[in-house]
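Everything on this sheet refers to the single structure shown next.
The values are calculated or read from the model by the stated rules, or taken from the named source; none is laboratory data. Bear in mind that the values here come from a model prediction, so they are computed numbers and not experimental data. Backbone-built Cβ (ideal geometry, glycine too); neighbour counts: all protein chains shown. Note: accessible area is taken over every heavy atom of the protein model, side chains too, but ligands, DNA and RNA are not part of it. Shrake-Rupley method; radii C 1.70, N 1.55, O 1.52, S 1.80 Å.
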Amino acid sequence: MNARPLPDLVIVSGMSGSGKSGVLHALEDLGYYCVDNLPAQLLPEFVRRMRDNDAAPTRIAVGIDARNFGDLSDVPIALSEVGALGANPRLLFLEARDEVLLRRYADTRRRHPLSHLGLALADAISLDRQALRPLRQIADVLIDTSEMNVHQMRRSVLTEFGLVGAGLSLLFQSFAYRHGVPGDADFVFDTRVLPNPHWDARLRPLSGRDDDVRAYLDAQPEVDLYVTQVQAFLDSWLPKLRSETRSYVTTCFGCTGGRHRSVYLAERLARHCRATGWEEVAVHHRELE
């Protein structure tokens, strides 16, 4: 039996905070099977299994970053082994200036992946950059996201890989009001009027992407009414925003913590827009990513 053709393979790497999660989400929206933080030495075996499985996806994206800290020296070797299998992997590397990364971590209150080493944030960023330098040098595509918002980064990635078409790109973003309204928002919807899963101890540690939280909110009549009215608004006005000069629209949903209601609404409205024919739809959860 002849082996199945090797899948299209994209390796996504780069500085922590440069936008790798957003890139993987964009590729996932386009039908890529995405695996984040795969140990580098497992990459050849992973590709081999994808090749030999008739039911496996034909397009794959793999994220490799500082969480593979001890294995980064194995990446060039792993890529050579993948190439020996007959594949032609493409390495996409994302970076940003130090001051931009510092601001992004301050805005999101996230921990840097290397903070467990007891380093100050600036030192963790410096170590991250140093460790990733060998990957940057062999990258097929290098993108500096310092001056990019989520839309622009997504467009840049899709353009680099020949996947972008004409039309309006939609971004649905969740956020916490206590951390401020996103500066690039076109529409902002306040979800704090809806029942809050935070007050259910069983749901509190989960997010709006989890089944139990979705089931809780799906069962609330107020949520159903809210979704119906927002859908009607977007269905009426998003098509009118199409123009030759406008390439994207950001619709934001805010709640107290940016974890349950806003995440649920952003995901649900994104699914609705995809189902109604919009081709470029992305989701970003500011407080989760």
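Here the accessible area is traced with a 1.4 Å probe on the protein chains. For the chain, carbon and sulfur cover 50 percent of it.
Roughly how many Å² is the accessible area per residue of the chain, as a whole number, for a 1.4 Å probe?
Numbers: 13910 Å² over 289 residues.
About 48 Å² of surface per residue is accessible.
A simple count of charges around residue 46, restricted to other residues whose Cβ falls under 12 Å of its Cβ and scoring Lys, Arg +1 and Asp, Glu -1, yields 0.
Suppose R0 equals 45 Å; then what is the FRET efficiency for residue 48 and residue 220 from their Cβ-Cβ distance, rounded to the nearest 0.05? Efficiency for this residue pair is about 0.45. For every helix of n ≥ 4 consecutive DSSP H residues, a contribution of -39,500 (n - 2.57) applies; sum these over the chain, divide by its total residues, and give [θ] at 222 nm rounded to the nearest 500 deg cm²/dmol. It comes out at -11500 deg cm²/dmol, rounded to the nearest 500.
Near residue 218, once Lys and Arg are set to +1 and Asp and Glu to -1 for all other residues with Cβ below 13 Å from its Cβ, the sum equals -2.
Within the shell defined by Cβ-Cβ distances under 12 Å, the residues around residue 88 carry a net charge of -1, with Lys and Arg each +1 and Asp and Glu each -1.
In this calculation the C-beta distance from residue 36 to residue 193 is compared with R0 = 35 Å, giving a FRET efficiency of 0.55. According to a simple spin-label model (label point 7 Å from Cα along Cα-to-Cβ), what is the distance in nm between residue 271 and residue 130? According to this spin-label approximation, the distance is 4.6 nm. For segment 21-91, a/c is not less than 1.5, where a ≥ b ≥ c are the root eigenvalues of the C-alpha gyration tensor, and a/b does not top b/c. That puts it in the oblate class.
The label-point distance for residue 242 and residue 147, in a model that sets each label 7 Å from Cα toward Cβ, rounds to 3.0 nm.
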